[in-house]
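Comments concern the structure below.
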Amino acid sequence: MTFALDDADVRAVLTAALGGGADFAEVFAEARRGRSLRLDDNKVEELTSGRDCGAGVRVLRGRQTGYAYTNVLTRQGLVEAAKVAAAAIRGQAHTQVADLRAATPGVVHPVRRDPLAADRPALVDLVTRANEAARGVDATVRQVTIRYSDSCQEVFIANSDGHCSTERRVRTRLVAHAVAARNGNIQTGFEGPGDCVGHELFDQHPPEQIGRLAAERAVVMLDAVPAPAGEMTVVLAAGGGGVLFHEACGHGMEADIVARDASIYAGRRGERLGTPIFTGVDDATVPGGWGSFSFDDEGTPAQRTVLFEAGVCTDYMSDRIRAAQLGIPQTGNGRRQSYAHLPIPRMTNSFILPGDADPEEIIASVDRGLYCKSLGGGQVDTTSGDFVFGITEAYLISGGEITVPVRGANLVGDGPTVLGRVDAVGGDFKTCQGICGKEGQGVPVAFGTPTLRISQITVGGTGGAGS
């Protein structure tokens, strides 16, 4: 990292930051490198790469916050930023900077094959293999887009309490989009694994597999019939329900939303909302997880936070400010997009834990219902918990068997009600990855689930009433 400040320099910056009367001061510095490569219409776009480095200085006094950032990573540059941040606080300076102590991470995420060591021909080979596999699925595959990306973020955090930590975060991802068309009917498919790892990602997810899965999803949906509508039993495939838990439950468990009383889950810790077989967690300690790290962006060690245990609402995801406001522990969920942003409570890897039911028996238990393999985008009102989610891949269940694919389906409901209707949890498990947006910031998150059966939920469709 281009951060050549010693302890005396850092103390000088933090001392200047406390000069306005703040109770707490923090420096967050990062150096980031990233690359991306896109293949579209059988043509490889040029490899793009970028570098950025900078630091933000934050000061706190109660809920008062001052923040300033700079790309000048020198003692003078950071002291000037510290004085700008300090000017937002009005009070008597009395806090002193504690001796800096290097924090030892409780969890690390080693990289076996550094992605930055791969040259352009190697990256072209990855996207080409995925593209060829996708196009080889069926003649109806008309368009394929493959995107490769990697990033290396080196982070330095120091604060007036004496915390000092460094961390290197490496992430790699390969995404495939496929479009299939027949007789004017156009369908799409997606597959996009990524992890906090290097090119060992492709040992578990070969490029050919990524391209093929995206194309197969597009092709199978060409034969889809209009989805039924009405109340019915829905089975969510392993991984497929993760985004539902993330959106309908996870965001409402973030402490800033709870503190604003804008969450259906506010004030409900200790209350049973879900069935006893339901347990949900947020876990930044998952080895190599897409949303994992050693320390959050405030320097709090990564941890696993149980949000629902046996259906009972147990905890919220907090950062420093909201933990103090709500009188709860910091859970290591203070995250920021970059040094130019303030940390806010964010999810990391949000999971519904596996149960002990056989996934095949779960499906066989449904006489008529819907099997949702993949959910798309949706809308959620955290105040009420109400949601509407599009389903990108789904099938009818008839007589305990998965039958024809359906299109145009939506899931409609609210988080607490759905939690209370989860009546079977499979012993399998799968994760998906994405970039979660909140307050103009995007951070990598993962969401995972086993196979789940929801006894009754509203399905919106255009194929008439289901029975």
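Some observations on this one:
- Flag for Thr172 being among the polar types (S, T, N, Q) and under 18 Å from the mean Cα position of the chain (by Cα): yes
- Qualifying residue in segment 341-351 (condition: part of a loop (DSSP other than H, G, I, E, B), touching a residue at least 60 places away in the same chain (Cβ under 8 Å) and closer than 23 Å to Gly311 by Cβ): yes
- Sole residue being under 19 Å from the mean Cα position of the chain (by Cα) and either surrounded by fewer than 20 Cβ atoms within 10 Å (Cβ to Cβ) or touching a residue at least 24 places away in the same chain (Cβ under 8 Å) (or both), chosen from Val197, Val234, Val220: Val197
- Ala324 meets all of the listed conditions (1) in a loop (DSSP other than H, G, I, E, B); (2) surrounded by fewer than 18 Cβ atoms within 10 Å (Cβ to Cβ) but one, namely (1).
- Any hit, segment 82-101, residues being part of a strand (DSSP E or B) and at pLDDT 95 or above: yes
- Residue in segment 367-388 that is of a type in the set (Lys, Arg) and either surrounded by 22 or more Cβ atoms within 10 Å (Cβ to Cβ) or more than 28 Å from Ala310 (Cβ to Cβ) (or both) present: yes
- Segment 249-303, subset assigned to a helix (DSSP H, G or I) and in contact with a helix residue (DSSP H, G or I) (Cβ under 6 Å, 6 or more places away or on another chain), residue surrounded by the fewest Cβ atoms within 10 Å (Cβ to Cβ): Ala259
Okay, residues lined up against (1) touching a helix residue (DSSP H, G or I) at 6+ places or on another chain (Cβ under 9 Å); (2) aliphatic (A, V, I, L, M); (3) modelled with pLDDT under 95:
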position	(1), (2), (3)
Val380	yes, yes, yes
Phe389	yes, no, yes
Leu396	no, yes, no
Glu401	yes, no, no
Gly420	no, no, no
Asp428	yes, no, no
Gly440	no, no, no
Pro444	no, no, no
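- Annotation note: Cβ proximity below 9 Å between a residue of segment 117-138 that is assigned by TED's automatic domain parsing to the domain that holds Arg212 and a residue that is modelled with pLDDT under 95 and buried (at least 18 other Cβ atoms within 10 Å of the Cβ) (sequence gap 6+ or interchain) occurs for no pair.
The values are calculated or read from the model by the stated rules, or taken from the named source; none is laboratory data. What you see is a predicted model; the values in this text were computed from it and never measured. So basically every Cβ, Gly included, is an ideal-geometry build from the backbone, and we count neighbours across all protein chains shown.
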